[in-house]
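The block underneath contains the structure these notes are about, expressed in structure tokens.
No lab work stands behind these numbers, since they all come straight from the coordinates. All figures in this text were calculated on a predicted structure; none of them were measured in a lab. Note: ideal-geometry Cβ built from the backbone for every residue, glycine included; neighbour counts use all protein chains shown.
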């Protein structure tokens, strides 16, 4: 459904994304993982058309997104950045209402159908009791749900999330990923998310794409990615991989940082003393 | 807040409440307008004011009102509308509460053009307004181009604006130092003054004001979306760069038309949108009309005070604006913050 072909992007003259290609299947969950600064967020910017491509192209179904009108694109694809902001006095419901923007005509007036969709988005994200509260009074997890509700009100086919669980405690991280999974299963929403927690990516994704130094290192099913060799190579850590029988996915624990060589440290200490 | 189902009545009530505030501001504007026309060195009772405007064809009252007070009050009102909308737009676009028409170089540019005209080319003093307008607009353009780098970053624009304004300020001061005898020519302009404003000035301003008001109202929903951040705005299908450019353009035309006529009154553009935000919230669909109406009230009111407080002389409106406006603004700001804390 979403296809990225030989994407090259640069930031202030420095090439940050080199020749990245991947394809996202309809109604699947894909996670993008990689070290900090590997170019994940830049790819997201290109997907929302807020970054000029150096070369390559991005296809949504059978059309290049550069040829799709911004509003029409917004009706099919929604992108949530890392930590979105809202004016202090906007209520949850106000915010979710803005998700209808790409569907409105120039008068910007909401109709009965729009209100029904807003209600639906609120119910899906269980924000009924919080809908008239101001956004700034919500907790981190609630706020993240409000943004997802706004994205849902856009009625997209595909939802892209940039590190949706960062800044949340473990309980809310879990709650959010369960919500994303439910939306994927119940309404067939295609999900692409950047995650830092590889165990979460392994558990919730159909496919994982690994980006390193602006290039695609590997893509595949969780079992193909969460392996000793891939993680050691990409993240420079020694790991031990286990099988999570409960959820039917692999998981790992880090053992030590390979970058810090013990002998090297000892040598340094000797030299200092 | 208890209701699970969104009650359309509750939402409607919120809407009605805000419309009522805007209506109230409209009435306030009308009252200030009449008071401003009625008061002055020669007091004309309100009944006579209405008679002079609507019925009289000739006579002393008619002449004073029609030839002196009406155009001046209209210029004051238009100035208030233009500067408040301009400031409101910029605060939204830059997502920075300190943004005001000064930031995009409108004031400094107009100031430089005015100084050059009044001090270096006094023969062409009659060209003051168009020159100031050009100066204001050109400076905005320079700042915009300087801060362009793969799109305009609001923070870079603010910083470029401050740098350019200070640079232009230095040029103005240099000119003034070389021509100390002509400094007083520019004083009215640098402080902001409405004295001796006539129909000519009003006719120079109103077309811009009208276009600005209409455009601002049409763009209000887009500014709301811009306030959600560039990334969300793009995800919602807004062409962020294009909208930002149009808005900065509207804002600079609005501010330039006001500043070129009355001088540096940029302060209005800073405080009025904030005052209204405290009262009516940050939804631009309500904030714009409220700011425009209140901006008009404030400038007309301050000018009335400026004209009457030390009769028969008068003070430049800019002084009154800062002396009355600043404490009132601070009062609202404190009150607003208290309420926000309590309201939670």
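Would you kindly work out the equivalent ellipsoid of region B:53-124 from its C-alpha gyration tensor and give its semi-axes, the square roots of five times the eigenvalues, largest first in whole Å? Please list the in-between numbers first.
Values: eigenvalues 230, 99, 6 Å².
Taking √(5λ) for each eigenvalue gives 34, 22, 6 Å, largest first.
Two decimals is fine: what is log10 I(q)/I(0) at q = 0.18, 0.19, 0.23 Å⁻¹ for region A:22-137, from a Debye sum with one equal scatterer on every Cα and no solvent?
Reported log10 I(q)/I(0), two decimals: -1.18, -1.24, -1.36.
Taking only the alpha carbons of region B:129-246, what extent do you get along each of the three principal axes, in Å, biggest first?
58, 34, 18
Based on DSSP H runs of at least 4 residues, each adding -39500 (n - 2.57), what is the mean residue ellipticity at 222 nm of chain A after dividing by all its residues, to the nearest 500 deg cm²/dmol?
Theoretical 222 nm ellipticity from helices: -10000 deg cm²/dmol.
Which whole-number percent of Cα pairs in region A:84-155 have a distance greater than 16 Å? Kindly include the intermediate steps, with their values, before the conclusion.
Working: 1021 of 2556 pairs.
The share of Cα pairs beyond 16 Å in region A:84-155 comes to 40 percent.
In whole Å and largest first, what semi-axes does the C-alpha gyration tensor of region B:14-333 yield when each eigenvalue is scaled by 5 and square-rooted? Mind showing how you got there, number by number?
Values: eigenvalues 199, 140, 49 Å².
Largest first, region B:14-333 gives 32, 26, 16 Å.
Hey, could you get me the Stokes-Einstein D for the protein assembly as shown, Kirkwood radius over alpha-carbon pairs, 20 °C and 1.002 mPa s, rounded to whole µm² s⁻¹? It would help to have the intermediate numbers written out before the result.
On the way: Rh = 27.6 Å.
Diffusion coefficient, whole number: 78 µm²/s.
Sort out for me the Cα centre separation of region A:97-123 from region A:204-260, rounded to whole Å.
Measuring centre to centre over Cα atoms gives 41 Å.
Provide the three semi-axes, in whole Å and in decreasing order, of the ellipsoid equivalent to chain A as defined by the square roots of 5 times the Cα gyration tensor eigenvalues.
35, 23, 18
Rounded to the nearest 10 degrees, what's the angle between the helix A:140-153 long axis and the longest principal axis of chain A, both from Cα atoms, 0 to 90?
That helix lies at roughly 50 degrees to the long axis.
Contour minus end-to-end for residue A:66 and residue A:215, with contour as 0.36 nm per residue of separation and end-to-end as the Cα-Cα distance? Before the final figure, lay out the partial values.
Details: separation 149, 0.36 × 149 = 53.64 nm, distance 2.22 nm.
Gain on stretching residue A:66 to residue A:215: 51.4 nm.
Looking at the protein assembly as shown only, what percent of DSSP beta bridges run antiparallel? Nearest 5 please.
Values: 29 of 46 bridges.
So the antiparallel bridges in the protein assembly as shown amount to around 65 percent.
Could you tell me what a quarter of the Cα convex hull surface of region A:26-81 works out to, in nm² with one decimal place?
On the way: hull surface 18.8 nm².
For the Cα atoms of region A:26-81, the hull's average projected area reads 4.7 nm².
Hey, with R₀ at 25 Å, roughly what FRET efficiency would residue A:129 and residue A:167 work out to, going by the Cβ-Cβ distance, to 0.05? List each step's numbers first, then the result.
Numbers: r = 22 Å, r/R0 = 0.90.
The value I calculate is 0.65.
From zero outward in steps of 10 Å, how is the percent of C-alpha pairs of region A:128-257 spread across the bins?
11, 38, 33, 15, 4
Any chance you could run the full-extension gain for residue B:13 through residue B:187? It's 0.36 nm times the residue separation minus the Cα-Cα distance, nm to one decimal. Present the calculation step by step, with values, prior to reporting the outcome.
On the way: separation 174, 0.36 × 174 = 62.64 nm, distance 4.87 nm.
Difference between extended and current length: 57.8 nm.
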